[in-house]
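For reference, the structure is listed below as structure tokens.
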Amino acid sequence: MAKAKGGSILVRLVSAAGTGFFYVKSKNPRKFPTKLEFRKYDPVVKRHVLFTEAKMK
């Protein structure tokens, strides 16, 4: 997995709309052991949808 500064790791936030669009975010697994979920903008469907954490490939 890719490393970021300060013991953080990079995670991929994948769109729940199934468009294949994703964001990349850094996360400290000691502070946030659960999976991240955000409502962010998906430009493919032109709406705010749920983005959930997935592993970086």
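Taking every protein chain into account, the accessible area of the chain amounts to 77 square angstrom per residue (probe 1.4 Å). Restriction of the chymotrypsin sites (Phe, Trp or Tyr not before Pro) in the chain to DSSP coil positions whose beta-carbon has at most 14 other beta-carbons within 10 angstrom yields no sites.
Between residue 9 and residue 48, the simple label model (points 7 Å from Cα in the Cβ direction) yields a spacing of 2.9 nm. Surface composition of the chain: carbon and sulfur make up 55 percent of the accessible area, probe 1.4 Å. Kirkwood radius and radius of gyration were both taken over the C-alpha atoms of the chain, and their ratio Rg/Rh is 1.00.
The values are calculated or read from the model by the stated rules, or taken from the named source; none is laboratory data. All values reported here derive from a predicted model rather than from experimental measurement. No Cβ is skipped: glycine too gets one built from the backbone with ideal geometry, and neighbour counts run over all protein chains shown. Note: areas computed on protein heavy atoms with side chains; ligands, DNA, RNA excluded. Shrake-Rupley method; radii C 1.70, N 1.55, O 1.52, S 1.80 Å.
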